[in-house]
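Before I ask anything, here is the structure I am working with.
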Amino acid sequence: MESEKQQSSVNTHGLLSVLNFEGKLVYEEIIRATNDFDPSYCIGSGGFGTVYRAELPSGDIKKFHSHLVEMGDQKVFSNEIKALTDIRHRNIMKFYGFCSHARQSLLVYECLERGSLATILSTEAEAKELGWRNQMNIIKGVANALSYMHNDCSPPIVHRDISSKSVLLDLEYEAHVLDFETAKFIKQDSSNWSELVGTYGYVAPELAYTMTITEKCDVYSFGVLVLEIIRGNHPGDFLSLFPSLSSNVNLVLTDMLDP
């Protein structure tokens, strides 16, 4: 929006092409809707920015997640835009567009009613509402999203940070994967070496010493997530048993399930 080149980029991939507004007007609407990013509109924060929720007074989109990114994190910002503009799937968070501004950069998403899976699992009343059918539906949804990224995208995309925090649920308990800041496109003719990223407790152990990214990194994280869903909490204590498992250790299925 600071130059014709930026305006063209926004027209192609950003808010203007989705909302049929001029990029500058959309940015101004976001400022007004969040009262200049007042903390009362903040619904979360992480290593790559702050998440806000608000309603726009015009257009078809009324609610959104606005990911505020500091100017020093432009590489992360660009990486997420590249991933999100290349993928479309019912179990991946709907991406409405982005704003690039001198003050900060914004990523604008669909806002889902039930929030993150992590929040639901940590709240006893909400966790009880999940039920076995909804748990299986969430697991299938995340599996479908990963299958799409790994097998139907060219080049394949590895998310690298699958966790209960990166899964949002709608009113029907349908899973939607988000947080593509660390996503990586897999090049078939490359070693795909990378620094260690991801959420502690979900990262594949071999990644710590191979530093090589493959689809298996997401598969391991998905396995941890499945255990977390059926147990009702993160399986850290259970996973710690694996290095010392022997024929003398008996694991009871009921000990692995959510009571």
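Using the beta-carbon distance between Thr85 and Glu124 and R0 = 45 Å, what value does 1/(1 + (r/R0)^6) give for FRET efficiency, to the nearest 0.05?
Efficiency computed from Cβ-Cβ geometry: 0.70.
By how many nm would the segment from Ser78 to Ser40 grow when fully extended, if each residue of separation counts as 0.36 nm and the alpha-carbon distance is taken off?
So the extension gain works out to 10.9 nm.
I need the phi-derived Karplus couplings for region 213-230: 6.51 cos²θ - 1.76 cosθ + 1.60, θ = phi - 60°, integer Hz, Gly and Pro marked x.
Taking θ as phi minus 60°, the curve returns 8, 9, 4, 4, 4, 5, 5, 4, 4, 4, x, 4, 4, 4, 4, 4, 5, 7 Hz for region 213-230.
For region 88-139, what percent of Cα pairs sit more than 13 Å apart?
The calculated P(r) of region 88-139 puts 71 percent of pairs beyond 13 Å.
Which length gain, in nm to one decimal place, applies between Thr212 and Asn137 when the Cα-Cα distance is subtracted from 0.36 nm times their residue separation?
Gain on stretching Thr212 to Asn137: 23.9 nm.
Going by average Cβ neighbours within 10 Å, how do the peptides 78-85, 105-112 rank, with the highest at the top?
Highest mean packing first, the order is 105-112, 78-85.
Each reported figure results from applying straightforward, stated rules to the coordinates on display, with no laboratory input. Everything numeric in this text was worked out from a predicted model, so none of it was measured. Counting neighbours? That spans all protein chains shown, and the Cβs are built from the backbone with ideal geometry, glycine included.
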